Every structure is written in C-alpha cells, then in structure tokens.
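The values are calculated or read from the model by the stated rules, or taken from the named source; none is laboratory data. Keep in mind that this is a model prediction, so the values were computed, not measured. When we count neighbours, we look across all protein chains shown, and the Cβ atoms used for this are built from the backbone with ideal geometry, even at glycine. Calculation scope for accessible area: heavy atoms of the full protein, side chains included, ligands and nucleic acids excluded. Shrake-Rupley method; radii C 1.70, N 1.55, O 1.52, S 1.80 Å.
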Amino acid sequence: MVGSVVEIEVVIPSELNGKPEQLPEEIDPESVVLIGGNENGNGNVKREMVLGRNIHTSCLAVTEPDADDEVTGDREAHMASVLARYRKSLVERTKHHLGYPYNLDFDYGALGQLQHFSINNLGDPFIESNYGVHSRQFEVGVLDWFARLWELEKDEYWGYITNCGTEGNLHGILVGREVYPDGILYASRESHYSVFKAARMYRMECIKVDTLVSGEIDCLDFKSKLELNKDKPAIINVNIGTTVKGAVDDLDLVIKTLEDTGFHDRFYIHCDGALFGLMMPFVKRAPKVSFKKPNEVTLLRGMPPSWEVVTAHAPIFLWYTLNRKGYKGFQKEVQKCLRNAHYLKDRLQAEGIGAMLNELSSTVVFERPQDEEFVRRWQLACQGNIAHVVVMPNITIEKLDDFLEELVEKRSTWFQDGKTQSPCIAADVGTECCACALHK
C-alpha cells in the first residue's frame, strides 16, 4: 500500500476489563544500576535495570488447606467471609469513584451463565480454528458495528478486540515500525505513557512534541521537529482524548503539517482513542472520526494472529451492551456526560476553584486537593498541582454535589490559617482558568 496509514485504537469505557493505570513516572532507560566487574573476568560492565519496589501495603495470603478442611468446612467458610468483605469494600469504593474513565453502571447478570466455559478466540477472528469454544461470531459482529461507526465497509478492514488501551497502543505502534523500520515516533508530551513504553520496547527513536495549554499537540513544534528529520519516515501518535486533560489532537492539522513539511507518502498515524474515540461520533460539533480522509487509510488493529491468545468473554460483553444501548443509547449517554462535566466545571469555578474543561471532553481538570486522604477517598487521578474527574455515565449530579460539598468543606480547613493559598495552576490550565491569588 502506498500513501499514509491511519490506525485507530479504541477501548470501550463502559466495558473495560483492566484497571486504569495510575500516571507513573516514566522509567528512564538510562537509570540503571551499574555493577562493576564480570564473572568471566573480561572487564565488561554488567547493567541491571531496577523496575520498581516490592512494597506490600495489603496482601491476602494463600495458605495450604488442613487435612480435615473437607470435613469441617472451615476453609470454605473462611474464603466466603473474605469474599463477602471484599464485595462490601467494592460497594463502598464504587460510591466514591471519580478519577478514572470507567462506567460503573452496568448489569451483566444475564451473561453469568457463560462464566463456566473457557472461551478463547485463538488466532485471527476471521479464520476459525479447531478450538470450538470461542466467541468469534460475537467479536466480528462488534467489529462490524465499529466499522460502520467509522465509515468502513465490512470487507475493507481487519481487526480484533483488545483487552486494554495499552495493548492497542503497543500493537498500533508496532505496525508503524513494521511499515517504516527506520521511522521516528513522534508523540505529544501528554500522550499516554504506554506510547513511550512502546518506543522503548521496540528500540525506536522517539521525539516528544510540545503541547498547547489545552493538552493538544502543538503543530508548530511538531513541524519544527519534522524539519530536522526529513530523511526518515514519521510515525505519529495522535490522541483522541489525552490521559490527564482529555485533549483531542487535530488530526487534519497533523496531516496538513506532515504534507507541508514534505512527508506526503512517508508517514503512519496511530490514533489513540481509548476514551473519546467512541464518544466523538456522538457529539455533533466534534470533528468526524472517519476513515474517509483525503489520504488512503487502513484499519489495522491487533497483533499478528500467531501472537494472539485472547480470553474471549470481552466480545460477548461488548455485543450484549451494543445490542442493549444501540446508537441512540450511546448518544444519550455521551450528551449526559458532557452536560454533567460542564455542571462540575461551572460549580468548581463558582466556588473559586481553578478548573478547566476542554470543549470536546468530559474530563474536568482542577487544582489538586491539599488532603491526600481526600484524594484517595474520591480516587482522583493527580499530576503535579492538578487533579481530574472523568465524568462517565454513572457519575450523576447527586454524586457531583456530594463531592463538591465535601471539597468545599475541606477547603475551608486547608486555607483557614491565611498562610496556605490555592496553588497556581496557570501553567497547566491557562491564566483564565486559574484561581490563585495572582490570577483570580
């Protein structure tokens, strides 16, 4: 295929299996422990990378059953007690969940009858294997639904359902590297950390592009960096909703920047649409998420069939939800999320709290609360001086009012001494959205 390649990865927010990744600091590939000497005595230096620390904050130990457990039933009773307490904690934590893009309002009770089967979609979803306990028919049905949503004909795409956004990013960037082995990966500084993880995994040269205060990629900086590397193809990560600010990169402007810089047929675009890739088609004023762009495009999602071993309950959950809600149901939920996000932003600003909301987003960014216990209670995702709430379908006005009431009450104690002041977040959200003493 000649021309550009555009690839979009989307994770359905209401059906996510994985736990949202907290915004960790990147692992610097140069941050390694160097141990001098070598067992072979050849003078080489042994390099070891320290990936993390093992700190047990909580642990449910696995113990061996006693000889008489089957008779007494004590072990079964103990495990039932542990699970009951765990369920109770989940109920409580769900009440105070605001910081991550997961819709906690769902009911899959009807699918419980399928949990007794080891369903696995081995290999390509379009090629049946000899393993008969699969859900390919559901997976292909879901893929066809999204192909229609993004204006692709049934026979013009290939794809599969990923388990999480990170998997989609890893594969999308891998395809880019396979198309252009010597290509340079360009990604905005506010891209999800898995994008930079992919660059390290695949040993790709990666250039970080500056962002506007909104979190959107700065195409002037992008152009300047392209001009320094005209001898190598460009592999670009475009965000349809950044992790922290929910910013949407301007895909048309990115393509224009590439063409204006001379990269007419030497670029590959991966669109990370882990949240807003699904929401944008239901927002009237949003740029169209479509494969009918000026350049030839191809949908390439998923790993090569020989690599893929997917536990295939996810396609059934997605098929079930799409059939229950349909296009109009998703449109209604998206409009509710955007309405409630504007409500939260307006209420925060009315209380003198710095806050920002991008036009196409349901992610409300505001000044980080001073109390870490409060942050943990409401499960807020934080970065530096800012925190955010991702308004999903399960986030009601009543829940937002409870959050705001508690936040305002807590703030009165944080700043009562007159010495502690609201942090300046102008660098993160712009002066017009900052409520510090200087910018109020």
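Filtered by the rule that a residue be touching a Lys or Arg at 6+ places or on another chain (Cβ under 6 Å) and in a strand (DSSP E or B), region 364-397 gives VAL364, VAL365, CYS382, ILE386, ALA387.
The set of residues in region 194-211 being out of contact with any helix residue (DSSP H, G or I) (no Cβ under 9 Å at 6 or more places or on another chain) and either open to solvent by less than 40 Å² (accessible area, probe 1.4 Å) or not charged (D, E, K, R) (or both) consists of PHE196 alone. Scanning region 156-193 for residues that are open to solvent by 30 Å² or more (accessible area, probe 1.4 Å) and of a type in the set (Val, Ile, Thr) turns up just one, VAL179. Residues that are in a loop (DSSP other than H, G, I, E, B) and open to solvent by less than 30 Å² (accessible area, probe 1.4 Å) within region 232-250 comprise PRO233, GLY241, THR242, VAL244, LYS245, GLY246, ALA247, ASP249, listed in sequence order. Do we have any residue at all in region 223-231 that's in a helix (DSSP H, G or I), open to solvent by less than 10 Å² (accessible area, probe 1.4 Å) and aliphatic (A, V, I, L, M)? Looking through region 223-231, at least one residue is in a helix (DSSP H, G or I), open to solvent by less than 10 Å² (accessible area, probe 1.4 Å) and aliphatic (A, V, I, L, M). Entry remark, region 51-75: residues being loosely packed, with under 12 Cβ neighbours inside 10 Å and either part of a helix (DSSP H, G or I) or in the same structural domain as LEU344 (by the TED database) (or both) number 3 in total. Let me spell it out: the conditions are (1) of a type in the set (A, V, I, L, M, F, W, C); (2) out of contact with any helix residue (DSSP H, G or I) (no Cβ under 6 Å at 6 or more places or on another chain); (3) more than 28 Å from ASP107 (Cβ to Cβ); (4) at pLDDT 95 or above, and TRP414 meets all of them except one. Which number is the exception? With (1) of a type in the set (A, V, I, L, M, F, W, C); (2) out of contact with any helix residue (DSSP H, G or I) (no Cβ under 6 Å at 6 or more places or on another chain); (3) more than 28 Å from ASP107 (Cβ to Cβ); (4) at pLDDT 95 or above applied to TRP414, the lone miss is (4).
Here LEU404 meets each of (1) over 21 Å from the mean Cα position of the chain (by Cα); (2) open to solvent by less than 60 Å² (accessible area, probe 1.4 Å); (3) without any contact (Cβ under 8 Å) to a residue 60 or more places away in the chain with one exception, condition (3). So for region 286-309 (the condition being open to solvent by less than 20 Å² (accessible area, probe 1.4 Å), at pLDDT 75 or above and either not in a strand (DSSP E or B) or not acidic (Asp, Glu) (or both)), does at least one residue qualify? Yes: one or more hits. The set of residues in region 384-410 that are touching an Asp or Glu at 6+ places or on another chain (Cβ under 8 Å) and of a type in the set (D, E, K, R) contains only LYS410.
Limited to region 251-280, what total is found for residues that are at pLDDT 90 or above, of a type outside the set (A, V, I, L, M) and assigned to a helix (DSSP H, G or I)? Residues that pass the stated criteria total 5.
Considering the conditions (1) in a helix (DSSP H, G or I); (2) loosely packed, with under 15 Cβ neighbours inside 10 Å, ALA341 is excluded by exactly one of them, (2).
Evaluated against (1) free of Cβ contacts under 8 Å to residues at least 60 places away in the same chain; (2) not in a loop (DSSP other than H, G, I, E, B), ASP428 falls short on exactly one condition, (1). Tallying residues that are under 26 Å from the mean Cα position of the chain (by Cα) and open to solvent by less than 50 Å² (accessible area, probe 1.4 Å) within region 408-428 yields 3.
Only residues that are surrounded by 15 or more Cβ atoms within 10 Å (Cβ to Cβ), more than 23 Å from PHE276 (Cβ to Cβ) and touching a residue at least 40 places away in the same chain (Cβ under 8 Å): list them for region 369-401, please.
Residues of region 369-401 that are surrounded by 15 or more Cβ atoms within 10 Å (Cβ to Cβ), as a first pass: 369-370, 374-375, 377-383, 385-395, 399-400.
Those still in the list that are more than 23 Å from PHE276 (Cβ to Cβ) too: 369-370, 374-375, 377, 385.
Listed by number, the residues that qualify are PRO369, GLN370, ARG377, ASN385.
Counted as qualifying within region 92-204 are the helices (runs of 4 or more DSSP H) with 2 or more residues that are more than 24 Å from the chain's Cα centre (by Cα) and not assigned by the TED database to the domain that holds MET280, namely 136-149.
Looking at ASP210, ASP265, ASP250, ASP218, which is the one that is more than 30 Å from CYS433 (Cβ to Cβ) and not β-branched (Val, Ile, Thr)? If you could, list the steps in order and put the result at the bottom.
Working: ASP210 fails: more than 30 Å from CYS433 (Cβ to Cβ); ASP250 fails: more than 30 Å from CYS433 (Cβ to Cβ); ASP218 fails: more than 30 Å from CYS433 (Cβ to Cβ).
Answer to the selection: ASP265.
If only residues of region 347-358 that are open to solvent by 40 Å² or more (accessible area, probe 1.4 Å) and touching a residue at least 24 places away in the same chain (Cβ under 8 Å) are counted, the one that is farthest from GLY329 (Cα to Cα) is GLU351. Scanning region 93-128 for residues that are exposed (fewer than 12 other Cβ atoms within 10 Å of the Cβ) and of a type in the set (Gly, Ala, Ser), we see that the one that is farthest from ILE395 (Cα to Cα) is SER118.
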